[in-house]
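The block underneath contains the structure these notes are about, expressed in structure tokens.
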Amino acid sequence: MSYSVSQIAGLAGVSVRTLHHYDQIGLLSPAGRSSAGYRRYDDEDLRILQQILFYRELGFALSDISGLVSDPGAQPAEHLRRQHSLLVSRLERTRLLVEAVELAMEAEKMGISLTPEERLEVFGRDDPEQYADEAAGSWGQTDAYRESRQRTTAYTKQDWLTIRTEAAQLTGAFATAHGAGEGPGAIQAMDIAEQHRQHIRRWFYDCSPAAHRGLGELYTADERFAAHYESIAPGLAAYVRDAIAANASRSGS
């Protein structure tokens, strides 16, 4: 088959100007010319153009493509293997991009403005995004939820790292007091509970002693909270709950 420049442009979905440019730089010169001097392309030219356009789609520079398609030792099967490998690689990159966008969408729902890398560094596998829908369903209409969402939207990676560090220190303090045999109603345990309440007030919402008591109940009622505390020390979930309740009673709530 022999094709005019306009025919091959239509088949390949490129402009005539592009084909003229490829000819000028020696990337794709037509197999022949008509008696009137017009470019005429054959089936082999069309195959090479297909390869050029494929590599262009993958972001290769024209100078690099020239070396690929003009390699005299390259067989069609070799091009196909290379193209398959490149497509698989692009597919993996696309998958990662999709995951990153989905994370960003979830972060927007939670009001957490971190990059995926920052989220992984801060939260690891315990990313609060996974509970976003549940939290919205349970507390979405409360002032505390709205205040927390509004405040956390502006937090930076360093803010979240600080929050995580403070929370871990408080849990460690509870575990130490529990391990030392301090009862949940002891001054030390209640003081840690008060620090815990102030931590919530400082970073999330105005947590009253009564609200804090309700949160403490959740630490044993919700198996996920309970499992977290029990993984640190047996009986710690109930200890934290009781220390919070004792501190609430101390404040008259």
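Brief remarks follow.
- The number of residues in the stretch 191-208 that are more than 18 Å from F225 (Cβ to Cβ) and open to solvent by less than 30 Å² (accessible area, probe 1.4 Å) comes to 0.
- Of R197, R125, all but one fail to be among the charged types (D, E, K, R) and at pLDDT 85 or above; the exception is R197.
- Any pair with Cβ under 6 angstrom, 6 or more apart, that starts in the stretch 145-168 at a residue that is closer than 15 Å to R202 by Cβ and ends at one that is assigned to a loop (DSSP other than H, G, I, E, B) and open to solvent by 50 Å² or more (accessible area, probe 1.4 Å): none
- Among the candidates T162, T142, T153, the residue that is at pLDDT 80 or above and either open to solvent by less than 60 Å² (accessible area, probe 1.4 Å) or hydroxyl-bearing (S, T, Y) (or both) is uniquely T162.
- Scope the stretch 11-23; condition at pLDDT below 90 and exposed (fewer than 14 other Cβ atoms within 10 Å of the Cβ); matching residues: L11, G13
- Within the stretch 38-82, the set of residues being modelled with pLDDT under 75, assigned to a helix (DSSP H, G or I) and open to solvent by less than 40 Å² (accessible area, probe 1.4 Å) comprises just one member, H79.
- The stretch 169-190, residues that are in contact (Cβ under 8 Å) with a residue 40 or more places away in the chain, surrounded by fewer than 16 Cβ atoms within 10 Å (Cβ to Cβ) and part of a loop (DSSP other than H, G, I, E, B): G185
- Residue in the stretch 216-224 that is hydrophobic (A, V, I, L, M, F, W, C) and within 35 Å of the chain's Cα centre (by Cα) present: yes
The values are calculated or read from the model by the stated rules, or taken from the named source; none is laboratory data. The structure displayed is predicted, hence computed values, not measured ones. Heads up, the Cβs are rebuilt from the backbone with ideal geometry, glycines too, and the neighbour counts pull from every protein chain shown. For the accessible areas, the whole protein counts, side chains as well, though only heavy atoms, and no ligand, DNA or RNA atoms are used. Shrake-Rupley method; radii C 1.70, N 1.55, O 1.52, S 1.80 Å.
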